[in-house]
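Beneath this line is the structure, given in structure tokens, with notes to follow.
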Amino acid sequence: LHLAADAPRVNVCGDRILVRSAVDYKSGTGFLSLTSERAYDFAIDVLLPGGTQRVIDLQDRSLSGGTEYTIVAVGKSATDTVEALEFENPIADVGGGQFRLQLLHAAPDVPMVDVYLTEPDADLAASTPVATLAYKAASDRLDLPAGT
């Protein structure tokens, strides 16, 4: 996921092969299926007028079957703080009538956030946040009833 707001589009590479090109801010590759459990190299290159520049280089990441891996680029290009956050979760079915949500705080200029899941017109002062997150922190996965 490309969540570095001031960074240009990026290329995503796996084992020195271009996986996705020109990924824009707030976009990603989606989950990709890999055929073998082994170590992989991942890289993210920003697209600049004169070529590309590597901003994230993740070497020898051992991946196992039955696991979802997420790599997120966060930070600010202007302050040279773009970095990768890595998350992994076991692959698990979502129950009938449920949806799954995992929250990530990726806004570098905001130290802490409360996240609410409410009706649109709910009084947040009378509501309880589902998560309170510091910058770069992720919540556990939340399985919630659909339609609420």
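The values are calculated or read from the model by the stated rules, or taken from the named source; none is laboratory data. Treat the numbers as computed from the prediction; the structure is a model and nothing was measured. Ideal geometry is used to build each Cβ from the backbone, glycine not excepted, and the neighbour counts take in all protein chains shown. The area values use the complete protein model at the heavy-atom level, side chains included, leaving out ligands, DNA and RNA. Shrake-Rupley method; radii C 1.70, N 1.55, O 1.52, S 1.80 Å.
Side notes on the structure shown:
- Relative contact order of the chain: 19 percent, from C-alpha pairs under 8 Å at least 6 residues apart in sequence.
- For segment 14-37 and segment 72-148, distance of Cα centres in Å: 22 Å
- Over all other residues within a Cβ to Cβ distance under 13 Å of residue 81, the charged ones net out to -2, with Lys and Arg as +1 and Asp and Glu as -1.
- Solvent-accessible area, 1.4 Å probe, carbon plus sulfur percent, for the chain: 51 percent
- Model label points for residue 40 and residue 100, set 7 angstrom from Cα along the Cα-to-Cβ axis, are 1.7 nm apart.
- Percent antiparallel among DSSP beta bridges (both partners in the chain, rounded to 5): 95 percent
- Charge tally for residue 102 (other residues, Cβ to Cβ under 9 Å; Lys, Arg +1; Asp, Glu -1): +1.
- Under 5 Å from the amide H of residue 142 lie the amide H atoms of 101, 102, each residue being 5 or more positions distant or on a separate chain, with H modelled from the backbone and absent for Pro and chain starts.
- Between residue 6 and residue 93, the simple spin-label model (points 7 angstrom out along Cα→Cβ) gives 4.7 nm.
- For the chain: rounded, prolate or oblate by the Cα gyration tensor [a/c cutoff 1.5]: oblate
- Probe 1.4 Å, protein heavy atoms only - accessible area per residue of segment 25-88 in square angstrom: 63 Å²
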